[in-house]
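A short worksheet on the structure shown next.
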Amino acid sequence: MTAALAIPSCCPEVLVLRHGQTEWNAAGRLQGHLDSPLTEKGLRQARRQHELLQPYDLTGFRFITSPQGRARKTAEIALAGLATQIETSSELMEIGMGAWAGATRAEIAQERMIGLQDLGQIQFYDWAPGGEGTARLYERCAAFLGQLTGPAVLVTHGMTSLCLRLCALGWGLDRLADLPSGQGVVYRVKAGHHDEL
């Protein structure tokens with residue numbers, strides 16, 4: 001039984017925003033539960049999300065952000081004038097990276113004595129010493145979505161965005177590579193369909 005089964009078949013519409021580029025994104029460092037500020041590019045990406053959301057009918061939507069600084073700053077910009085109240089939820093935090101928070105992929109590959117290409121796109125998230133792992137993140141996202149009673153705009157992080165959208169679609173972790181994870185965009189999951197505003 002997968003965590004996706006805990007989500008009602010009529011999962012409310014969700015608009016999912018990943019935070020804008022941060023200094024650590026630009027440097028190739030994994031942030032996890034640590035934080036770094038948005039770059040100028042990241043601020044532009046948040047403003048672009050605001051432009052994408054402006055014409056959208058957000059009547060009845062809740063606005064919820066991760067409490068981490070990079071997501072809160074993105075929410076502040078992207079939702080300016082659109083949300084009367086922005087809630088925070090620790091369930092929207094990025095995947096915990098344990099001892100590897102702040103490390104680069106190259107440093108992780110060196111520690112594991114493997115080639116950088118052998119890290120893959122996501123499998124190393126499950127190798128992080130003391131990390132949360134993708135299965136627990138997926139369960140966290142499923143539980144969060146299962147508590148939504150109406151449509152919501154969610155401001156979150158790369159891996160968390162992927163798992164939220166997988167769960168909202170009723171897809172398993174084996175489909176993780178099937179979804180995009182860009183910054184400066186707004187993803188929509190509505191009635192079992194995924195697209196981009």
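The values are calculated or read from the model by the stated rules, or taken from the named source; none is laboratory data. On a predicted model such as this, the values are computed, not experimentally measured, just so you know. We place every Cβ from the backbone using ideal geometry, glycine too, and count neighbours over all the protein chains shown. To get the accessible areas, we keep the full protein, side chains included, count just its heavy atoms, and leave off ligands, DNA and RNA. Shrake-Rupley method; radii C 1.70, N 1.55, O 1.52, S 1.80 Å.
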**Report entry** Identity of the residue in region 45-65, crowded, with 16+ Cβ neighbours inside 10 Å and over 30 Å from R29 (Cβ atoms), that ends up nearest to the chain's Cα centre (by Cα)
**Finding:** R62
Report task. Being touching a residue at least 40 places away in the same chain (Cβ under 8 Å) and either touching a Ser or Thr at 6+ places or on another chain (Cβ under 7 Å) or part of a strand (DSSP E or B) (or both) is the filter; apply it to region 177-197 and report the residue that is surrounded by the fewest Cβ atoms within 10 Å (Cβ to Cβ). Result -> K190
Requested in this report: Enumerate the pairs (first residue in region 135-157 and closer than 19 Å to A75 by Cβ; second residue anywhere and basic (K, R) and crowded, with 22+ Cβ neighbours inside 10 Å) with beta-carbon separation below 7 Å, excluding pairs fewer than 6 apart on the same chain, so at least 6 apart or on different chains.
Outcome: T156/R18; H157/R18
Requested in this report: Tell me which residues, restricted to region 145-158, are assigned to a strand (DSSP E or B) and not polar (S, T, N, Q).
Outcome: A152, V153, L154, V155
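How many residues does region 159-171 contain that are over 14 Å from R188 (Cβ atoms) and of a type in the set (G, A, S)?
Quick first cut of region 159-171, residues over 14 Å from R188 (Cβ atoms) only: 159-160, 162-163, 166-167, 170-171.
Within this subset, residues satisfying the condition of being of a type in the set (G, A, S) are 170.
Final tally of qualifying residues: 1.
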Query raised in the report: Only one of (1) closer than 28 Å to L15 by Cβ; (2) open to solvent by 60 Å² or more (accessible area, probe 1.4 Å); (3) not in a loop (DSSP other than H, G, I, E, B) is not met by A142, so which one is it?
Result: (2)
Query raised in the report: Taking the condition under 23 Å from A191 (Cα atoms) and without any contact (Cβ under 8 Å) to a residue 12 or more places away in the chain, does D174 pass?
Result: yes
Requested in this report: Select from region 12-44 the residues that are over 29 Å from A109 (Cα atoms) and surrounded by fewer than 21 Cβ atoms within 10 Å (Cβ to Cβ) and write down the one among them that is modelled with the lowest pLDDT.
Outcome: P12
Report task. Of all residues in region 100-126, count the ones that are touching a Gly at 6+ places or on another chain (Cβ under 9 Å) and assigned to a loop (DSSP other than H, G, I, E, B). Result -> 2
Report task. Determine whether region 163-173 contains at least one residue that is within 18 Å of H33 (Cα to Cα) and touching a helix residue (DSSP H, G or I) at 6+ places or on another chain (Cβ under 6 Å). Result -> yes
